[in-house]
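Novice: Got a structure for you, written out below as structure tokens; questions coming shortly.
The values are calculated or read from the model by the stated rules, or taken from the named source; none is laboratory data. Because the structure is a prediction, the values reported are computed rather than measured. Note: ideal-geometry Cβ built from the backbone for every residue, glycine included; neighbour counts use all protein chains shown. Please note that ligands, DNA and RNA were not included when accessible areas were found on the heavy atoms of the full protein model with its side chains. Shrake-Rupley method; radii C 1.70, N 1.55, O 1.52, S 1.80 Å.
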Amino acid sequence: MDEKELLLHYKHTGNLDTLGKLYSPYMSLLYGVCYKYLQDVEQSQDAVMQIFDELIDKLRIYEVDNFKSWLYVYARNYCLMQLRKAKQVTKVDIEENLYESELHMRADEEKKWDEQDFEKLESCMATLNEEQEQCIRMFYLEQRCYKEIADMTGYELAKVKSYIQNGRRNLKICMEKK
């Protein structure tokens, strides 16, 4: 079967083997197009596979006369959309923002404490589970960052954040009760 017959056969049957026969001769061409725009080997390989996945539906909808030209334009547009999406994603340094966030929280919570407040705090610390107490002490009293705590305790970074957040909440509830 020639290209037009393969296109028609796929459009009527949805047979993926037919689509594979139609697509496979152009995979290296598509990789070149994708690499030209994306400038990344893995992204380009992923794009070639993603385009194939999208063709499963697209070729049954659209009327395609010249498959090679249509596929080239489709691949180019796909890559341009990927680049546009990448520009919309704002990359933020998480360590810097976590530090700033904690500074704001500390500033809001700072006030004059008397000896009685410290006694309440110590008794409330004793009510926390071991992980929360350890992380709270390291973060607030030893002024260690999340990553240091994770490295020292062996907990995952997400767990450290969770222990600190839940520990703070539990401390606050306990302090308000006393």
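Novice: Checking the table K58/K85; K36/K161; K147/K172; K147/K178; K36/K68; K4/K87 against a 29 Å threshold on Cα-Cα, which pairs fail?
Specialist: Exceeds cut-off: K36/K161; K147/K178; K4/K87.
Novice: Sticking with this structure for a sec: Given the whole protein assembly as supplied and a 1.4 Å probe, what does the accessible area of C79 come to in Å², nearest 10?
Specialist: Roll a 1.4 Å probe over it and C79 shows about 0 Å².
Novice: While we're looking at this one, here's another question. Quick one: among L141, L83, L19, which has the greatest mean-square fluctuation in a GNM of the chain with alpha-carbon springs under 10 angstrom?
Specialist: L141
Novice: Please flag any cysteine in the chain that has no other cysteine's Cβ under 4.7 angstrom from its own Cβ.
Specialist: Cysteines lacking a close Cβ partner in the chain: C34, C79, C135, C145.
Novice: Separate question: Tell me, Kirkwood radius of the stretch 44-85 from alpha-carbon pair distances, in Å?
Specialist: Every distinct Cα pair counted, the radius reaches 10.8 Å.
Novice: Ignoring ligands, DNA and RNA, what percent of the 1.4 Å accessible area of the chain is carbon and sulfur?
Specialist: Carbon-and-sulfur percentage of accessible area, whole number: 51.
Novice: Turning to a different aspect of this structure: With viscosity set to 0.890 mPa s at 25 °C, what whole-number translational diffusion coefficient in µm²/s follows for the chain from Stokes-Einstein and a Kirkwood radius over Cα pairs?
Specialist: Diffusion coefficient, whole number: 115 µm²/s.
Novice: With every protein chain kept in place and ligands, DNA and RNA left out, what is the accessible area per residue of the chain? Probe 1.4 Å, answer in Å².
Specialist: 69
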